[in-house]
Structure formats: C-alpha cells, structure tokens
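Down below is the structure, laid out as structure tokens.
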Amino acid sequence: MNRFIFLIFIVSLIEPALAGGDLSNGHHHGSDNDGGKHWAVPYDASNRANPISTEAVSIERGRKLFLQKCASCHGATARGDGPAGKSLNPKPADLKKMSGTHPDGDFAWKIENGRGVMPAWKNILNQNQIWDLVNYIQSLSDSEKKNNPEHIDDHVH
Ligand code: HEC
C-alpha cells in the first residue's frame, strides 16, 4: 500500500513536467509522412467536459479562428493540405477525418500543448477559443454523417 502511494506520488511529480514540457525535440520518427503516429493524451485531460455547448455560434467562432490560425497548415477544409503544411513531416493532421473519432478533451489537449511543429496554443488562445475550435472540428464529421446539428458525438475510439 505504501509502495502504491509512493508510486502515485512519483507519477504526480512527472505528469506536469510531461504535460508542460517542451516536446519539440526529436519527434521526427519514421520515414513515412502520414502524420498519424499515436499521440497519447492524459486520461483526465481527454475525458474532461467541454464547457462550451456545441451551438452554431460556437462552431462559427471556431471556423473563423480555424481559418485565421490553423488553415495555413491544416487546410481551409481541415483535410491536412494547407500550403504551409506541404513540406512538413509529419504532415498536419486531416482533422475532418479525425472528427468525431476522438473525445473533445483529446483535441483540446493537443491544441493546447502542440507537438513538434504543431504549435502549443494555450498561451496564445484562451480556453473558450480552444473549445470553439474543438466544436468546429467535431462538427466536420456531423455534416457528412447526418443532417442533425443537435447531435453531439463524444465517441471514444
Ligand atoms: C505550423 C503548422 C500548423 C499550424 C499553424 C497548426 N497545426 Fe495542428 N498540427 C500540425 C502538425 C504538423 C500536426 C501533426 C503533429 C504530430 O503528429 O506530431 C498537427 C496536429 C494537430 C492535431 C492533432 C491531430 C492528431 O494527430 O491527433 C490537432 C487537433 C491540431 N493539429 C489542431 C490544430 C488547430 C486547431 C490549429 C489552429 C489553432 C492548428 N492545429 C495549427 C501543424 C500545424
């Protein structure tokens, strides 16, 4: 039992360092460029609640932000084909394809913390803006799968 508590203590020391750490060193794995390498997000971060309801106004705010800040790499329709992303390895993710297949908190964490050339946005955008972006990304799959704007999907893989 004591050993168990000690372990938790160690993990709690390491966890913030990982979450806030600079991950820009050495994420140049592999030779392929599909950008689909596993990107693990801490459980709690991935499963936290989205505080901004997925209303059309939020999705619209997210869409505008996306065009300003993200489309250069991820493409205007989020297919991962923006002009600035062409020469990157890994490639910017195809967020339209990923839409609806990851929890909101998973996207939010990745946007907050970045990885490699994907910038960390948590000191640039505020929390509401980040969740607006998440709502926009999640809306991309809905429009194709079904014509029900009220439907909110939170699939876990
Ligand atoms: C400078 C180019 C660039 C910009 C600008 C950029 N991204 Fe990215 N993004 C990337 C790259 C490259 C990856 C893949 C990183 C990896 O897998 O290591 C990525 C990955 C992601 C992922 C994770 C996808 C996955 O694999 O799980 C999300 C979510 C994301 N970006 C959202 C955004 C949002 C939202 C913005 C705007 C606020 C943005 N990105 C701006 C380059 C960019």
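The values are calculated or read from the model by the stated rules, or taken from the named source; none is laboratory data. This structure is a prediction, so every number in the text was calculated from the model and none was measured. FYI the Cβ positions are ideal-geometry reconstructions off the backbone, even for glycines, and counts take in every protein chain you see.
Observations, loosely collected:
- Each residue in segment 100-119 was checked for being outside any helix (DSSP H, G or I) and within 10 Å of the ligand (Cβ to nearest atom), and 8 of them qualify.
- The selection criterion, being at pLDDT below 95 and away from the ligand (no atom under 12 Å from the Cβ), does not hold for Glu60.
- Output for segment 103-142, where each listed residue is in contact with a His (Cβ under 7 Å, 6 or more places away or on another chain) and not acidic (Asp, Glu): Arg115, Gly116
- Selection within segment 75-99 - within 10 Å of the ligand (Cβ to nearest atom), farther than 25 Å from Pro51 by Cα and either part of a helix (DSSP H, G or I) or among the polar types (S, T, N, Q) (or both): Ala84, Gly85, Asn89
- Among the numbered conditions (1) touching a residue at least 60 places away in the same chain (Cβ under 8 Å); (2) more than 18 Å from Ile59 (Cβ to Cβ); (3) surrounded by 22 or more Cβ atoms within 10 Å (Cβ to Cβ), the only one that Pro92 does not meet is (1).
- Residue check: Leu67 meets all listed conditions (1) part of a helix (DSSP H, G or I); (2) modelled with pLDDT of 95 or more; (3) in contact with a helix residue (DSSP H, G or I) (Cβ under 9 Å, 6 or more places away or on another chain) but one, namely (3).
- Residue under evaluation Ser46, criteria (1) at pLDDT 95 or above; (2) more than 10 Å from the ligand (Cβ to nearest atom); (3) in a loop (DSSP other than H, G, I, E, B); (4) more than 16 Å from Asn128 (Cα to Cα), criterion not met: (3)
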